[in-house]
Ligand code: IPE
Ligand code: IPE
Ligand code: MG
């Protein structure tokens with residue numbers, strides 16, 4: 001069930017988030033080092049982004065580097081940062097050709113200067129594109145983001161900018177780095193791990209999860225079709241009973 005004919009083009013999720021996991025283990029199966037796995041992971045990003053754009057997905061959020069990933073060996077961290085800068089430079093024309101607007105979430109000012117620079121340039125140069133928004137989660141962790149939100153809201157209360165009664169889920173959403181981005185309907189994780197690893201905890205309250213055993217560099221068009229097909233065959237009840245959904 002993996003070709004385009006099986007997918008309902010009128011029920012494509014507006015926002016898909018992906019935990020791209022398994023680059024290192026995939027490289028090992030090829031007898032290569034971890035950085036080779038990461039660079040092949042970029043090819044999978046390109047194919048996935050193109051497929052998502054063709055399907056008219058509006059937002060694709062990719063978990064590219066977590067706050068916890070700083071604790072990896074120095075060479076790997078440096079390699080990942082350089083790969084980011086290189087990929088942004090190499091892909092910029094194609095992003096523009098395909099109408100991709102780039103955004104970033106996470107603690108961006110904690111990234112090395114050269115990454116921040118190429119990231120802000122790519123964001124600036126793609127800001128008027130309208131086909132799809134590619135959101136890169138970089139130096140991201142959900143607990144960090146929630147911490148920032150709590151600090152910001154408490155300071156607004158303290159300074160009398162808002163009253164406590166004004167705090168609701170909408171206000172909270174608007175204080176997160178995902179402000180303005182709808183919550184994802186579908187979250188995909190590759191590599192056989194069944195965990196969220198500090199990703200979008202608030203935003204995935206009602207998201208459908210799709211796990212697959214394959215490593216990220218092996219993911220592509222067919223797998224994205226499969227994930228969407230699977231998603232489309234679920235019943236999202238949001239706390240209601242099945243009959244209520246069907247009578248809508
Ligand atoms: C995902 O692949 C990419 C990043 C976390 C940057 P991994 O590097 O986690 O690969 P595995 O999980 O060790 O195989
Ligand atoms: C999650 O992958 C983070 C990214 C994909 C960037 P990890 O490989 O870091 O997650 P854990 O350590 O297996 O939970
Ligand atoms: Mg991993």
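Just so you know, all these numbers are worked out from the coordinates, no wet-lab data involved. Worth saying up front: this structure is predicted, and the values here are computed from it rather than measured. Neighbour counts are summed over all protein chains in view; Cβ atoms, including those assigned to glycine, are modelled from backbone coordinates with ideal geometry.
Structure notes:
- Just one of the listed residues (99, 31) is more than 16 Å from ligand 3 (Cβ to nearest atom), surrounded by fewer than 19 Cβ atoms within 10 Å (Cβ to Cβ) and touching a residue at least 24 places away in the same chain (Cβ under 8 Å), namely 99.
- Scanning segment 186-209 for residues that are in contact with a helix residue (DSSP H, G or I) (Cβ under 6 Å, 6 or more places away or on another chain), within 12 Å of ligand 2 (Cβ to nearest atom) and assigned to a strand (DSSP E or B) gives a single hit, 188.
- Some residue of segment 148-170 being farther than 30 Å from residue 36 by Cβ and touching a strand residue (DSSP E or B) at 6+ places or on another chain (Cβ under 9 Å): no
- Qualifying residue in segment 87-94 (condition: within 16 Å of ligand 1 (Cβ to nearest atom) and in contact (Cβ under 8 Å) with a residue 12 or more places away in the chain): yes
- Selected residue (criterion: nearest to residue 21 (Cα to Cα)) from residues of segment 181-202 that are touching a residue at least 60 places away in the same chain (Cβ under 8 Å) and away from ligand 1 (no atom under 16 Å from the Cβ): 186
- Filtered residues of segment 4-44 (kept if under 21 Å from residue 213 (Cβ atoms) and assigned to a loop (DSSP other than H, G, I, E, B)): 20, 21, 22, 30, 31, 32
- None of 88, 92 is more than 22 Å from residue 184 (Cα to Cα), surrounded by 18 or more Cβ atoms within 10 Å (Cβ to Cβ) and out of contact with any strand residue (DSSP E or B) (no Cβ under 6 Å at 6 or more places or on another chain) except 88.
- Residue, nearest to ligand 3 (Cβ to nearest atom), within segment 3-26, restricted to residues that are touching a residue at least 24 places away in the same chain (Cβ under 8 Å) and under 14 Å from residue 218 (Cβ atoms): 21
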